[in-house]
Every structure is written in C-alpha cells, then in structure tokens.
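Below: one structure, written as structure tokens.
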Amino acid sequence: MIEIDQLTKRFGETTAVDSVSMTVETGTITVIVGTSGSGKSTLMRMINRLEEPTSGQVRINGEATGTMTPHLLRRRIGYAIQGHGLFPHHTVARNIGAVPRLLGWPKAQIAERVDELLTLFSMAPDAFRDRYPGDLSGGQQQRVGVARALASRPDVMLMDEPFGALDPIIRHRAQEDLARIQRQLGSTIILVTHDMEEAIRLGDRVAVMDKGKLVQYARPSEIIANPASTFVREMLGDEDRPLRQLSLMHVSDLIEAGDADGVAIDADASLREALSACLWSGRDALPVAQGGRITLDAIRAQAEQPA
Amino acid sequence: MRAVSPPGLVFAIVGGALLCVPFMTLAANRIVAGHGVMVWALGYWPALMGMIAALGAGLSPRPTLRLFAGALGLACITAQVSQGADLLLADAGDYARTSPAAGFWGLLAVFSLLIADALTQLHPRPLLRAGLLIVALAALAVVFWSGLLGDLSIAQEYVSRARQFWTALAQHLQLALGSLAVAVVIGFPLGVLCHRRGGLRRAMLPMLSFLQTIPSLAMFGIMIPLLAWVATTVPGAREIGIAGIGFAPAFVALVLYSLLPVVGNTVAGLDAVPPATSDAARGMGLSATQQLWQVELPLGLPVLLTGVRIVMVQNIGLAVIAGLIGGGGFGSFVFQGLNQTATDLILLGALPTVLLALVAAVLMDILVDLARPVSETAR
Amino acid sequence: MKSGLILRPFLVVLLLAMVLRPVWFTPLLAPLAPENGPVIYERASLWSLTISHLGLVLAASLSATVVAVGLAVFVTRPIGAAFLPLSRTVTNIGQTFPPVAVLALAVPALGFGAGPTLVALFLYGLLPIFDNAVTGLRTLPPVTMDAARGIGLSPSQRLRTVELPLALPVILTGVRLSVVIALGTATIGSTVAARTLGEVIIAGLLTNNTAFVVQGGVITGLLALLIHDGLVLLEKRLSA
C-alpha cells in the first residue's frame, strides 16, 4: 500500500502539486491523468524522490520514504518512461538486468530473470538477449523498458507516459500486454498519462489532476457516471462518454436467450465492440459465441445518460 | 557508376603538370640556391613510367584500384628521388647537396590525396585502418633505415644532428603529450563539475575560450616572467625544474591551451546522453557516481576522445613554438633553419612535426570510432 | 554581460594607449627590463607594426573567405558533388598541419618576408571557413529548402536568398576561427621577417628583455581578445 499524504511541490512561485492525498492499494493499477502542466508527472516523481517534496509525506507499506537514501529507495521501485530511456551502449539483457545487478543478485539468477521477462513480453530470449536497443523496433524497445522496470520484482512500479511514443495500434497491444502481465504478477502500478481513454482502459482507479490539485480519485465507471467537475467532464469528452461507458462493460453482462444471425461475438468482448459489430454489419442483434444473444436495444439502454 | 573518377581526373591533370616542373635540385653547398632538374633528365625510366601508370590508374572509378595506384605512385617517386640523388651527386663536388624539388613535393601530395580519397570511399573499419597505419609507418621506417634517401640533403642534415634529432623528438613528445596528460587530469574533473553545476560552466567556459584566443607566441612570452617569478619566490620550485625560460613556460602554456577542448568536450560528451536515458538511470536507482561511470562516461566517450584528439594535434603543432623560448623540440630545428636560411634544417624540424600530427590524428580517429556504442557502428 | 560593458571600453583604451603612447607604461615595465637596457620597444613604431600585422591578417582572411565560400558552394552543388568527399578529406588532413609548420614550409618555396606569411595565413585560413561553410550549407532545414523549391525559386535564387543567408552564422564562426588563428600565426611570421607585432616579442626573447616580451604579448593578446569578442557579437546579432 502506498499512502500519499498532503504532498506539495513548489517551484519558486508556482505550485506544481498542491496538497495531494491518496492511497494506492497493493496489486492494482492506478492511473494519474491530467493535461500537461497539471502536476501529474511531478506527483509521480515525488514517490521515488526524483523530485523532493516541498512538504508532505509518502509511505510505502507504512514506511516513510523521506528518511531513505534516494538511490536505494529507487532500486525498490520500478521506473519506466516515455521513450523508454534504455542504455544504448548495453545489450537488451544487460538493460533488463540493470537493477538486479545493482542489488547484487547472482549472475545465473539475473540471466534466468532476463529470459523469464523476455518470454513474458513475447520476445524470444535467444533472439533478443544480445541485441542492442538501437536494433529494436519502437514497440520492442518499449517492452524492454517495461521489462527492465519489472526485473527486480519491485514493490511498486512507476510508469510515466510509457506508451506515449508508440503509434495507436502498437499502443493498444502494449496496453493489453501490460494489463495481462499485471494480472499475472499482481504488481502495484502507478501510471501517468494525458490520455483519458488509456486511463479508463487500464486503471483500477483513476486520479484526475488539474492545476496541481487532485480533482477526482475513483473507479473508472464512477468517473464516467459522475464526473466531479467540468474539467473532468471535458477530459472525458462529452461526445465520447457513452462509448467510454460501454467500453467498461462486457457482453456477458447483457446476454439474453434467443438467436441471431451472422458472425458470433465473444462474451468477453466489451459492449463498445458489440455496438461496433452491430453498426458495421447492420444487425439489430448478435449471437454470442458462448450461447444466447445480445441486442442493439440492450446496448443502447446502457449507453444512456444516467439519471 | 561513372567511367572516370572526377577527382582522379583532377589528379591526373595536376600530376601531369607536375611532371613538367623540376623534380629535384642540385646545389653547390647547403646554403646556396640550387638549380632544378627535370624528372626525365634523371634518366630512370621505370619510375617515370610507374608514375604515369599510377596517374592513369587513378582515373579508375574503383577505389581499390586507386588505392594501389596511389601506393605505386609513392613508391615510384621515392625510387626516382633515390636514383636521382645518386646520379646528380656522382659528378658534383664534395659539398654538393641535392634535394627534392616542387615536382616531387607536388606529386607526393597528389599521390597521398589519391590514397586518402580512395580510403574515404572504401571507409575501412577502425581495426583495418590501424593495420594500414602500421603498414604505412613500417614502409616509412624501411625507407628511412635502408638509407635509400641517405644521399639527400635533408638526410645529411639529419646525420650531422642524429643525436639532437632524437632528443628533440623526445622533448617534443614530452611537451605535447605531457601537457595533454596534465590537462586531462585537471580538465576532466573540471568538466564533470561544469556539467553538474550550470553556474561554474557559465563562468569557466568563456574564460577558457579567452585563453585559447591569445596568440601562442604571446602566451609563451607572458609565461616567461610569470614562471621566473614563481621560480624565485616559491621555495623548491627551482629544484623541480621551474624556470622563466625553457621547458617549463612552454609546458604551462600548452596546458592552458589544452584546457578548453578537454573541459568543453567533457561537458559536451556528458550532455550528449539522451535525457530519457539519464532520467531512467536516476529513476532506477543508480547513484551519482554509478551514473557517471556506467552511463554518462561510456556514452560521452567518443566526444571526450575527440577533445583529446584536438588537443593532441594542436599541441604537437604548438610545441614547435617552444623552440623560440629554448623549450626544445623540433621547433629548435625550424627556427635555427630559419635563422641560417638553411631550408633542409627547416624541413628536418617541420616534416617530423607534420608526420607526428598526422599519425596522432589518424590514431585518435581510430580510437574515437572504437569508442562508439556497438549498435551505432553496426549501421 | 554588465561586466562586458565596462570591461570592453577599458580594454580598447588600454590597447590604444599601449600602442600609441607606450612611454606611459615605462614605470610598470621598467622592473622587467635588464639593467640599463631599453624598456620600451623603439626600433619600429608599435602603431605601424600593429597596422602591418592587421593588414596581413585582413588580406589573408578576406581572400580566404572569398575562396573558401566559393569552393564550399561549388562542392555543395550537383556539379561539384563528386569532389565533396575529397574536399572534406583535404580539409581534415590540412587542419592537422600545424600553422607554424605551414609557415616554415612556405619559406623554402617563397623566400622570406610578408609573402610566405600571407600565403601561409591564406592557406591555413581556408580550412575552418570551408569546413564551416560546407556544414552550414549542408545542414539547412529540409523543410525550408523544400519550401524554397516549392515556391519556384531558381537554384541561384535559392543560393542567394535562402542558403547563404541561413548558413551565414555558421560561416562567420569559421571566419572567426580563421581570423584568430591568423592573428596568432602572423605573430610568428616575424621569424620569417614579416613586419608584425611578433617582432617585439622575438626581440625581447633574443635580448633577454622581458619588458619587450610582455609589451608585445599583452598587445597581441588584447588585439586577439577584442577581435574575437567583436566577431562573436557580430555572429550573435546576425543569428538572432
């Protein structure tokens, strides 16, 4: 558990982060979202003390971070950033093994961990271990960057716009990978982004920052249903709200008895995907692969503005 | 690909013209001006034919062929000058001196450039370049020790000063490389500090660039009273060889000149680390020292070494000026030669200096290339 | 910057005083001169040496600028492109030649006097200007070049109205490097009997008269600093 307590950061006259308090549960993904200059990166960088707080405290599992040696604290916390920040002069294996090496793990254990992570990220260890970051594609570099952050099984992982430099299709895959790996490993992740779509898709909880203040901290469904301010509403984009809402729900929630024609849809798909399929193929109902059907009317009812 | 290499065409035209100016001179003694002798008057046909063939082969668009053409050309002008010296001195007086003339020097330049141009196109890997450098130096050593050119006037100057020559070489290297070493020992930590503290950088770099601006002779001159003052006031300074004239002021002046490239390139090299990389390094918990040695230094090494290259080449040249203030080195030959208007003595000082500078430049370029991250050189 | 406002005029006045009224400095320099020896260099007027020194540098640098920029334009056009790699190689090799050695090597070819100095200054001055001009002309923003072609400028119009003006700051940096080297090398030119301020320093070295050495050293040093400074200001103004 990470407790952020009245955390404030001032740069001269400007207050970048203004008395933010929030608690992050172990084993969840928390997404901090905001526009540029909202203080979201500064808030995150105070957790591993890349920025020193002006006042306030961060506690990891009850232990205040302010008393630890900064670079030792950072070795316990995974860190992945936009543009990956890989060491261009080190091989993939050496990049991933960087923190375990700092922590003095035995060589064999590091090698084993590197292969394990490469496999986890669908990169064949034999093919990638000895290559240099410059030889990899953008998506591969980004995966190595995330693998490096996970290498020492850190208490927490901080990710600053980790997918910011990727094109939309690769970004989508990377997000799915991250969600899968997080479920598999049960890691605690704090991720910063300016993309509300990404926040809603990935976050167990979403923290919305505006001008240094935490304006809303809640589950994604709650944020869509009850935006706390006009700013949050703008971030959501009014015209996209029904679609965002649908993207959080699954076909399995609305299955009803009956038949329908055409290609079936999976029960795990989101309602948004089901809506797309209806519109695209001009059908009023879709068969569900696991049995039953889902109707356009039922989906539409879910997308209506809550009373 | 073209039928003819355009630079090769220029080399052929210029080379052809150079065959029509005096190739060697013959003088009655070492001071008086000589008269020119044309290459065909030397009557050594194989070498002349070789030169013409080399200029012709230099037209080829294939760089490998041009490389060999250049080497053939160099071999031919060397053989020609060696044979020519025998011929010219055979029935001249005891004090007669013979030297290469404009034709030789021009063709030397043409064939060297032919080789350089071919190498630029072939772009050999660093280790291959090192091999080529060794071959070239070995060839030079063979020509030197075999006495092939022993009859030339410059060789006569060398023979009468052999011991001084090697002392001058040692002094020259001590001045140029010793000052470089001191500059690195001072400048590298200074550069690291400047990289970390913006205030120090803003104060330090302009100051060092001002130092660099001062004309070398003025800098050497101003060092004389300064060091004389140190020698008389600081106890023990005189015992360790500090004096107003000679080696010490030259050495100090060279160190001062070296600081800007060393400090400037250290800062530039450390700055060259991508911001995301240094942020990640900090974020994953590298201490400041670990960041310096594991990330900043390896990544900045090529730029840093470029600074060392600049200083090395610059100091080899500037060390010549030490000859004016009794600091030794090849400069003493140059300035003695200028005083006595003895051309060959000037050459005896200037040619080795140029050679040293060239070798240093090639060597350092190889090191700079080797220091580049693997993934970069792979492309 | 503020310190520059006071320092600059002060250094200019100091330089002028040292050149025009050297006698004023007699009390300062006297302790450095040998006993009963001359304190102030009087074999030639410092003013005429300064003018001759600057004249050499100016003549060499101006002609080097014209020739080097012309060559750089040539090798960056399609017609001269085949010579670009060679010209870069020559520049690289040429810059490893020590300026003093170039000067010394010019003597056997041209004899003593201002001639070899001028030629050495000119030849050596070509290199940094050419180097920078080529860099400047080859690293223009591609978008701008594309736009210049797109709006229908002819190749010569592009050169005159877009390429050269944009490359100017980089070219000027080359000119500054070249001028500073020329000022220094001209000083050494007095060893081959060119009339330059180096004469004062050399005279001091030959007669063990430190007063002369300091006099010549400070004047040439100030001259180089001020010229360097002026050219830096010019570059800043042009690139702003």
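The values are calculated or read from the model by the stated rules, or taken from the named source; none is laboratory data. None of these values were measured; they are calculated from a predicted model. Glycine also receives a Cβ, built like all others from the backbone with ideal geometry; neighbour counts cover every protein chain displayed.
Figures for the structure shown
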item	result
Positions within the stretch B:96-127 being assigned to a helix (DSSP H, G or I), at pLDDT below 90 and away from chain C (no Cβ under 14 Å), in sequence order	B:P126, B:L127
Residue match in the stretch A:163-171 (condition: aliphatic (A, V, I, L, M), assigned by TED's automatic domain parsing to the domain that holds A:A93 and in a loop (DSSP other than H, G, I, E, B))	yes
From the options A:D130, A:D126, residue that is within 26 Å of A:R173 (Cβ to Cβ), part of a loop (DSSP other than H, G, I, E, B), over 24 Å from the mean Cα position of the chain (by Cα) and without any contact (Cβ under 8 Å) to a residue 40 or more places away in the chain	A:D130
Test: residue in the stretch C:145-155 that is assigned to a helix (DSSP H, G or I), out of contact with any Phe, Trp or Tyr (no Cβ under 9 Å at 6 or more places or on another chain) and either modelled with pLDDT of 90 or more or over 22 Å from C:I79 (Cβ atoms) (or both)	yes
Helices (runs of 4 or more DSSP H) enclosed by the stretch A:36-119 - at least 1 residues per element that are more than 25 Å from A:I2 (Cα to Cα) and more than 11 Å from chain B (Cβ to nearest Cβ)	A:92-96
Single match in A:T54, A:T8, A:T35, A:T15 (criterion: modelled with pLDDT of 90 or more and under 24 Å from the mean Cα position of the chain (by Cα))	A:T8
Check on B:L254, surrounded by fewer than 16 Cβ atoms within 10 Å (Cβ to Cβ) and assigned by TED's automatic domain parsing to the domain that holds B:A319	no
Given (1) assigned to a loop (DSSP other than H, G, I, E, B); (2) of a type in the set (G, A, S); (3) without any contact (Cβ under 8 Å) to a residue 24 or more places away in the chain, number of the condition C:G37 does not satisfy	(3)
The lone exception for B:A85 - which of (1) crowded, with 16+ Cβ neighbours inside 10 Å; (2) within 25 Å of B:P7 (Cα to Cα); (3) more than 14 Å from every other protein chain (Cβ to nearest Cβ) it fails	(2)
Helices (runs of 4 or more DSSP H) fully within the stretch C:164-240 counting 2 or more residues that are of a type in the set (F, W, Y) and facing another protein chain (nearest Cβ under 10 Å)	none
Test for B:G103: is it farther than 22 Å from B:A136 by Cβ and buried (at least 22 other Cβ atoms within 10 Å of the Cβ)	yes
Helices (runs of 4 or more DSSP H) wholly inside the stretch B:197-276 containing at least 3 residues that are at pLDDT below 85 and of a type in the set (G, A, S)	B:216-233
Some residue of the stretch A:187-195 being surrounded by fewer than 20 Cβ atoms within 10 Å (Cβ to Cβ) and of a type in the set (G, A, S)	no
Which listed residue is within 30 Å of B:Q80 (Cβ to Cβ), touching a residue at least 40 places away in the same chain (Cβ under 8 Å) and aromatic (F, W, Y), from B:F165, B:F220	B:F165
Yes/no for C:L105 being facing chain B (nearest Cβ under 7 Å), of a type outside the set (S, T, N, Q) and more than 30 Å from B:Q340 (Cα to Cα)	no
Flag if B:L299 is among the hydrophobic types (A, V, I, L, M, F, W, C), assigned by TED's automatic domain parsing to the domain that holds B:G187 and touching a residue at least 24 places away in the same chain (Cβ under 8 Å)	yes
When residues of the stretch A:104-119 are limited to those that are touching a helix residue (DSSP H, G or I) at 6+ places or on another chain (Cβ under 6 Å) and of a type in the set (A, V, I, L, M), the one nearest to B:W293 (Cα to Cα)	A:I110
Given (1) under 21 Å from the mean Cα position of the chain (by Cα); (2) surrounded by 15 or more Cβ atoms within 10 Å (Cβ to Cβ), index of the condition A:P242 fails	(1)
Residue satisfying all of: in the stretch B:64-77; crowded, with 18+ Cβ neighbours inside 10 Å and of a type outside the set (A, V, I, L, M, F, W, C); farthest from B:L114 (Cα to Cα) among these	B:G73
Residue within the stretch B:16-35 that is away from chain C (no Cβ under 14 Å), surrounded by fewer than 21 Cβ atoms within 10 Å (Cβ to Cβ) and in a helix (DSSP H, G or I) present	yes
Residue in the stretch C:183-196 that is surrounded by fewer than 21 Cβ atoms within 10 Å (Cβ to Cβ) and without any contact (Cβ under 8 Å) to a residue 12 or more places away in the chain present	no
Qualifying positions in the stretch B:269-300 - under 28 Å from the mean Cα position of the chain (by Cα) and surrounded by 19 or more Cβ atoms within 10 Å (Cβ to Cβ)	B:G269, B:L270, B:L299, B:G300
Count of the stretch A:211-231 residues which are crowded, with 20+ Cβ neighbours inside 10 Å, in contact (Cβ under 8 Å) with a residue 40 or more places away in the chain and more than 17 Å from the chain's Cα centre (by Cα)	2
